[in-house]
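**Student:** Before I ask anything, here is the structure I am working with.
The values are calculated or read from the model by the stated rules, or taken from the named source; none is laboratory data. Everything numeric in this text was worked out from a predicted model, so none of it was measured. In this analysis, Cβ positions are derived from the backbone assuming ideal geometry, glycine residues included, and neighbour counts consider all displayed protein chains. Please note that ligands, DNA and RNA were not included when accessible areas were found on the heavy atoms of the full protein model with its side chains. Shrake-Rupley method; radii C 1.70, N 1.55, O 1.52, S 1.80 Å.
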Amino acid sequence: MKSKLFFVFSIVLIMVFDFTVGFADNPIIQNIYTGDPAPMVYDGTFYVYSGHDEDTLVNNFYTMNDWRCYSSKDMANWTDHGSPLSYTTFSWAQGDAWAGQCIQRNGKFYYYVPMTRKNGGGAKVIGVAVADSPIGPFKDALGKPLIANNGAQDIDPTVYIDDNGQAYLYWGNTNLYYVKLNQDMISYSGSIVQVSPKPTSFIEAPWLYKRGGLYYMVYAGMGSGSENIAYATSNSATGPWTYKSVIMPTQGNSFTNHPGIVDYNGNSYFVYHNGALPGGGGYHRSVCIEQFKYNSDGTIPQFNMTKTGPNQIGNLNPYNQTEAETICWGSGVESEKCSEGGMDVCNIENGDNIKVKGVNFGNGAISFDARVASAASGGNIELRLDSVTGTLIGTCAVSGTGGLQTWTTKSCKVTGATGIHDLYLKFTGGSGSLFNFNWWKFSSSSVSTPTFTPTSTSTPTSTRTSTFTPTSTSVNSIDLNHDGVINMADVVLLASKFNTVIGNPGYVDIYDINKDGAINMADVILIAAKFNTIF
């Protein structure tokens, strides 16, 4: 996608979103085109499953080969989990990974997805895949379609499990259908029912849920030449459905829309798509989210698409290891499967950047670790606050590692990072791909009551010979937490990396005071030589 979408990203973004203060947070994903979102809340995490609109269209029509999964705990920074499922997972499918929905039951995750059937004359069918984790990988649960009813109308499945345990699968295009799923979630009882009358203006993209004893059917209806989002309600999961109103009018540079509504941490969220990214449109869509409140009578208010998205819930803790693909807004970067597991950020070029929103540095950070890999000469990660040109708090130099999946941890000192800020990771260097980026983590200057007493006498695993000379080391480099005094607080910080060596994930260069490639008693001795020195 980089070759086209982000070639003009920095210029076109300004025209599209009119940023005057900072980047907007809708669409929530910027490195690929995403559409047909389906939210799910599980184990304290907000998941969004989406389709994936390929950059290059085939026959000037939807070109979709897999589904994607993203998650967030704060509704601002989204972790990319890659593709948990593709149409190629189903031996009987030939393509068209269109809108699906995932649901959890009895420790399993069931993903209902429409595709085009092989040798079916272009007929759409609905399959079901199952996984042990919300991020997959999913596998075909049946080896055949679950629903093969009415050709092109068998798309856009939505699934809901009622309070009494009965599960319902709705779907449809032009007409609306449903079946009652069995407890196994991969078979159904009774016949397929066509809803008649269908909800007013229903076209496609049904979304079924229940709130306060009332059932809601949210769907794409026909607006002024393009789809809007409307809804109907019922006292039963099977209708009849009473039309209420339009939730989101036609807008957003896409002739389709696709809704999903869930509650999370006491808030209500509406998930949809538009064509807002550069190069976007009806076949190149992007997932967005709006936060809303129900009216006192349970009705849903009408609202428009925004650039800002929902409010952030809480703040990100930078002292926990954070995946590099956890992003509020990214410019130029892409993602891929990582040899160390999960995903990594790739195709990083000079000037690209990542925004992480609402990072709480507390009393201050003193160092930064980055897990990186480079097949070339590397580059730099500039750490900036509140904007891509904001206060520089540190620069992490990344050298070549011998390959884009040959990983090492690089570190740098950090100064001036206190309180809550948006963190920008700006990448600089030469031409072409600089390096790949797996995860990052800050270390804090805050330490509890020092209780550390060095007891380890094990020989470091480094093969390098220590040649330290205390008098050749600057006092400033020994004050690890930069509080103006060399004391046990610095020893405690060093102890957290004790017996790590170059190449280990935990190795932090600034704690290796004598630069012999290992963090050990030799470094403690250097601190002791300057103990209680005050600047």
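**Student:** Can you tell me how many residues in segment 246-263 are part of a strand (DSSP E or B) and in contact with a Gly (Cβ under 9 Å, 6 or more places away or on another chain)? So that I can check it myself, show each step before the final result.
**Tutor:** Of the residues in segment 246-263, the ones part of a strand (DSSP E or B) are 246-248, 260-263.
Remaining after also requiring in contact with a Gly (Cβ under 9 Å, 6 or more places away or on another chain): 246.
The qualifying residues number 1.
**Student:** Could you name every one of the strands (runs of 3 or more DSSP E) located completely within segment 78-125 that has at least 2 residues being open to solvent by 40 Å² or more (accessible area, probe 1.4 Å), under 15 Å from ARG68 (Cα atoms) and modelled with pLDDT of 95 or more?
**Tutor:** Strands (runs of 3 or more DSSP E) meeting the threshold: none at all.
**Student:** To continue, here is another question. Of these, THR250, THR322, THR299, THR326, which one is free of Cβ contacts under 8 Å to residues at least 40 places away in the same chain, touching a strand residue (DSSP E or B) at 6+ places or on another chain (Cβ under 9 Å) and of a type in the set (Val, Ile, Thr)? Before the answer, list the steps.
**Tutor:** Details: THR322 fails: free of Cβ contacts under 8 Å to residues at least 40 places away in the same chain; THR299 fails: free of Cβ contacts under 8 Å to residues at least 40 places away in the same chain; THR326 fails: free of Cβ contacts under 8 Å to residues at least 40 places away in the same chain.
The match here is THR250.
**Student:** Any idea how many residues of segment 34-67 are over 22 Å from SER268 (Cα atoms) and part of a strand (DSSP E or B)?
**Tutor:** 9
**Student:** Determine which single condition ASP490 fails, assuming it passes every other condition in (1) open to solvent by less than 10 Å² (accessible area, probe 1.4 Å); (2) modelled with pLDDT of 75 or more; (3) not basic (Lys, Arg).
**Tutor:** Status for ASP490: all satisfied but (2).
**Student:** Going through segment 429-444 one residue at a time, which ones are closer than 25 Å to TYR511 by Cβ and part of a strand (DSSP E or B)?
**Tutor:** Going residue by residue through segment 429-444, those that are closer than 25 Å to TYR511 by Cβ are 435-444.
Answer for segment 429-444, where residues must be closer than 25 Å to TYR511 by Cβ and part of a strand (DSSP E or B): ASN436, PHE437, ASN438, TRP439, TRP440, LYS441, PHE442, SER443, SER444.
**Student:** Now a separate question. Any residue at all in segment 132-151 that is at pLDDT below 95, outside any loop (DSSP other than H, G, I, E, B) and not aliphatic (A, V, I, L, M)?
**Tutor:** The answer is yes, given that some residue of segment 132-151 is at pLDDT below 95, outside any loop (DSSP other than H, G, I, E, B) and not aliphatic (A, V, I, L, M).
**Student:** Here's a follow-up. Considering only segment 155-232, give the strands (runs of 3 or more DSSP E) lying wholly within it that have at least 2 residues that are open to solvent by 10 Å² or more (accessible area, probe 1.4 Å). First the steps, then the outcome.
**Tutor:** Details: elements: 158-161, 167-171, 177-181, 188-194, 202-211, 214-222.
The strands (runs of 3 or more DSSP E) meeting that bar are 158-161, 177-181, 188-194, 202-211, 214-222.
**Student:** For THR326, are the conditions met, namely being out of contact with any Gly (no Cβ under 8 Å at 6 or more places or on another chain) and open to solvent by less than 30 Å² (accessible area, probe 1.4 Å)? Write out each step before concluding.
**Tutor:** Details: out of contact with any Gly (no Cβ under 8 Å at 6 or more places or on another chain): yes; open to solvent by less than 30 Å² (accessible area, probe 1.4 Å): yes.
Taking the combined requirement at face value, the residue satisfies it.
**Student:** Still on this structure: Return a yes/no flag: does segment 253-262 have any residue that is open to solvent by 10 Å² or more (accessible area, probe 1.4 Å), of a type outside the set (A, V, I, L, M, F, W, C) and over 30 Å from ILE313 (Cα atoms).
**Tutor:** No, segment 253-262 contains no residue that is open to solvent by 10 Å² or more (accessible area, probe 1.4 Å), of a type outside the set (A, V, I, L, M, F, W, C) and over 30 Å from ILE313 (Cα atoms).
**Student:** Which condition breaks for TYR243 when tested against (1) in contact (Cβ under 8 Å) with a residue 24 or more places away in the chain; (2) assigned to a loop (DSSP other than H, G, I, E, B); (3) farther than 23 Å from CYS288 by Cα?
**Tutor:** Of everything listed in (1) in contact (Cβ under 8 Å) with a residue 24 or more places away in the chain; (2) assigned to a loop (DSSP other than H, G, I, E, B); (3) farther than 23 Å from CYS288 by Cα, TYR243 misses just condition (2).
**Student:** Being over 26 Å from the mean Cα position of the chain (by Cα) and among the polar types (S, T, N, Q) narrows it down to one of ASN228, ASN265, ASN257, so name that one. Before the answer, list the steps.
**Tutor:** Details: ASN265 fails: over 26 Å from the mean Cα position of the chain (by Cα); ASN257 fails: over 26 Å from the mean Cα position of the chain (by Cα).
Testing whether each residue is over 26 Å from the mean Cα position of the chain (by Cα) and among the polar types (S, T, N, Q) leaves just ASN228.
**Student:** Tell me, which strands (runs of 3 or more DSSP E) lie completely within segment 308-402 with 1 or more residues that are over 21 Å from the mean Cα position of the chain (by Cα) and at negative phi?
**Tutor:** Numbers: elements: 329-331, 334-337, 343-346, 353-360, 365-373, 379-385, 391-398.
Here the list reads 365-373, 379-385, 391-398.
**Student:** In addition: On the basis of being polar (S, T, N, Q), open to solvent by 30 Å² or more (accessible area, probe 1.4 Å) and under 19 Å from THR409 (Cα atoms), does SER367 make the cut? Give the steps one after another, and end with the answer.
**Tutor:** Numbers: polar (S, T, N, Q): yes; open to solvent by 30 Å² or more (accessible area, probe 1.4 Å): no; under 19 Å from THR409 (Cα atoms): yes.
So SER367 does not fit the description; no.
**Student:** Based on what the data block shows, is VAL130 under 23 Å from the mean Cα position of the chain (by Cα) and surrounded by fewer than 23 Cβ atoms within 10 Å (Cβ to Cβ)? Write out each step before concluding.
**Tutor:** Values: under 23 Å from the mean Cα position of the chain (by Cα): yes; surrounded by fewer than 23 Cβ atoms within 10 Å (Cβ to Cβ): yes.
Spelling it out, VAL130 is indeed under 23 Å from the mean Cα position of the chain (by Cα) and surrounded by fewer than 23 Cβ atoms within 10 Å (Cβ to Cβ).
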